[in-house]
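Take a look at the structure set out below.
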Amino acid sequence: MQAFTAEYHKRKSEIDSYIELISILDNDGAILSDIDGNNFPINAVQSKVCKASFYLLLYNLIEATVMNGITSIYDRIKDEHLMFNDIKEDLRRVWWHSKSESIISCSKNEVTDTVYNHFVDAINTSEIEFGRFVSGVSGNLSADGVRRVCHKYGIKPVSDGRDLESIKVNRNNLAHGNKSFSDIGQDLTIPELIEIKDRVFIFLEQYVVNVNSYLDTHSYRHT
């Protein structure tokens, strides 16, 4: 839990540092100087690219925070040496879902044996292992996507998140080359980005609180 929260705050501080940097670069006549006294004026295209890049950092924070929150649950289950019957129904379903790829990818004559082996793993005394599988995270997280993840694990969902859809869309457009950085950054202002950042922080802060509460109350355990 402490590692999860600490990582979240570290990534938040990185974003705060970046917004401070691009706020300086966005000033009219901004110039970078090196130790030798050479000056490098910042042009409009460079400023646009920097502002558009902010969407990549924000999306990275969102996905990493959601992933790390679920991983913290897996770590707690591992630390307590819990087995299939020790965990709540939501997590049992997630565990079975994590095995679906091995079932789908095996040949037809291996399906029965593969399912049986997973069944044996579930009913024997082995400690439960989720690996790196996180149900509901596919690289396209919106606010509703985060809430679906919460629902799958039985975590209290987070409200609002109005900016996450546009962050996801802009991130995907940049990542897949559908739009240029200067196209996306051309109409962005620093005050607008700060407002988006602050709302995203509020949304994620609540997610962090809800995950930590889930851990504190042992909500991952079967009752």
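The values are calculated or read from the model by the stated rules, or taken from the named source; none is laboratory data. A quick note: this is a predicted structure, and the numbers were derived from the prediction, not measured. Don't worry about glycine lacking a Cβ; one is built from the backbone with ideal geometry, like all the others, and counts go over all protein chains shown. Accessible surface areas use protein heavy atoms only, side chains included; no ligands, DNA or RNA. Shrake-Rupley method; radii C 1.70, N 1.55, O 1.52, S 1.80 Å.
So with the 1.4 Å probe, I'd like the accessible area per residue for the stretch 122-182, rounded to whole Å².
Heavy-atom SASA per residue in the stretch 122-182 reads 53 Å².
Just how much of MET83 is accessible, in Å², when a 1.4 Å probe is used and the result is rounded to the nearest 10?
Roughly 60 Å² of MET83 is accessible to a 1.4 Å probe.
Just report the Cα centroid separation between the stretch 3-74 and the stretch 113-184, whole Å.
With the stretch 3-74 and the stretch 113-184 each reduced to a Cα centre, they are spaced 23 Å.
Rounded, prolate or oblate: which fits the stretch 129-218 when a ≥ b ≥ c are the square roots of the eigenvalues of the alpha-carbon gyration tensor, with rounded for a/c under 1.5 and prolate only if a/b beats b/c?
Judged from the Cα gyration tensor, the stretch 129-218 comes out oblate (a/c at least 1.5, b/c at or above a/b).
Below 8 Å between Cα atoms, with a sequence gap of 6+, how large is the relative contact order for the chain in percent?
30
When the chain is modelled as a GNM with alpha-carbon springs shorter than 10 Å, which of ILE22, ILE31, ILE77 fluctuates the most?
ILE31
Taking the solvent-accessible surface of protein heavy atoms with a 1.4 Å probe, what is the per residue accessible area of the stretch 1-69 in Å²?
55
Once you list every other residue whose beta carbon is under 12 Å from the beta carbon of GLY185, what net charge do they have if Lys and Arg are +1 and Asp and Glu are -1?
That sum, taken over residues with Cβ under 12 Å, equals -1.
Given the rule -39500 (n - 2.57) for each run of at least 4 DSSP H residues, summed and divided by the residues of the chain, what is its mean residue ellipticity at 222 nm, to the nearest 500 deg cm²/dmol?
-21500 deg cm²/dmol
Among the lysines, select those whose C-alpha is under 22 Å from the C-alpha of LYS179, and discard any that sit fewer than 8 residues away in the same chain.
Partners found: LYS48, LYS51, LYS168, LYS197.
Out of the total accessible area of the stretch 112-206 (probe 1.4 Å, heavy atoms of protein only), what percent is carbon and sulfur?
49
Using a 1.4 angstrom probe on heavy atoms only, work out the carbon and sulfur share of the accessible area of the stretch 1-80 in %.
The C+S portion of the solvent-accessible surface of the stretch 1-80 is 53 percent.
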